[in-house]
1. Which part of segment 220-246 falls in the paramagnetic zone of GLU180, meaning amide N under 19 Å from the point 7 Å along Cα-to-beta-carbon?
2. Select from segment 53-101 those trypsin sites (Lys or Arg not before Pro) which occupy a DSSP coil region and have at most 16 other Cβ atoms within 10 Å, ordered by residue number.
3. Which is the longest stretch in the chain that no exposed loop site breaks, taking sites as GluC sites (Glu not before Pro) with a DSSP loop state and at most 16 other Cβ atoms within 10 Å?
4. Find the eigenvalues of the gyration tensor of the Cα atoms of the chain, then list the square roots of 5 times those eigenvalues as equivalent ellipsoid semi-axes, largest first, in whole angstrom.
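Every read-out reported here was derived from the displayed coordinates using simple, explicitly stated rules and does not represent laboratory data. Worth saying up front: this structure is predicted, and the values here are computed from it rather than measured. A quick note on method: Cβ atoms are made from the backbone with ideal geometry, for glycine too, and the neighbour counts reach across all protein chains shown.
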Amino acid sequence: MAIIHIDMQHDKTLFNPVESAPEDFIGGQVVLIDKPLWWTSFDLVRKCRNVITQRLKVKKLKVGHAGTLDPLATGLMIICTGKATKRISEWVDADKEYVATIELGRTTPSFDLETETDATFPTGHITRESFEASLRNFLGETQQTPPLFSAKNVQGKRAYSFARKGLEVELPAKPIVISELEVIRFDLPVVELRMRCSKGAYVRAFARDVGIANQSGACLIKLRRTAIGDFRVEQAMSPELFEKTVGFNQR
């Protein structure tokens, strides 16, 4: 599993509200943003691009992100501008940390709250001890089948386009690595976990598999990305603060 180590004190491409000038975005800046609930990853990229281009009075600027988040997820996103977009693969390949809230005892087609409950299951047999024991089987390298409600390419189309039409297609399992799992809260039917995993891991699919491993069902009801490689969400700013900072930042 790739772990990117960065000397953040001396990385001049990392956006610093005090030291960075608006012109630096053309040369290349790395911006840490805390994505709000319901925003798409594209919404965030578009917001940052609009703020910067309006500040610089330019029509075009290359802006991209290093790893998408679902609209129902919040947390750390890395936005790269200008020449820094060439570094996106560094963080796409880095491990990620999440805090996931999972509800045991029910399932949904999307494995999260994007779709309605389609089945319910008993949970009375699940104890904290049995639940934590089931998690040990997920540590290390495992095979994970991605959710059909995802952007995976299937027959030249996004998988979710089949899912939303009620069509069944088979997605091949992919190898992932989960290096850390910690139970933060156990209050059935809800459990909260901290997990660190490799690129390509779907936390929604992990929730599905946890339900099966506990002879029940489960779905993801809340997700927050807390780290990408060495970057943490505590270092990130809201889109509103970024707009205010860039709009009035003068050197």
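1. 223-236
2. Numbers: sites: ARG55, LYS57, LYS59, LYS60, LYS62, LYS83, LYS86, ARG87, LYS96; in loops: LYS57, LYS59, LYS60, LYS62.
Sparse-neighbourhood loop trypsin sites (Lys or Arg not before Pro): LYS57, LYS59, LYS60, LYS62.
3. Values: sites that count: GLU19, GLU23, GLU116, GLU168, GLU170.
After excluding every exposed loop site, the longest remaining stretch is 24-115.
4. Details: eigenvalues 256, 77, 53 Å².
Values for the chain, descending: 36, 20, 16 Å.
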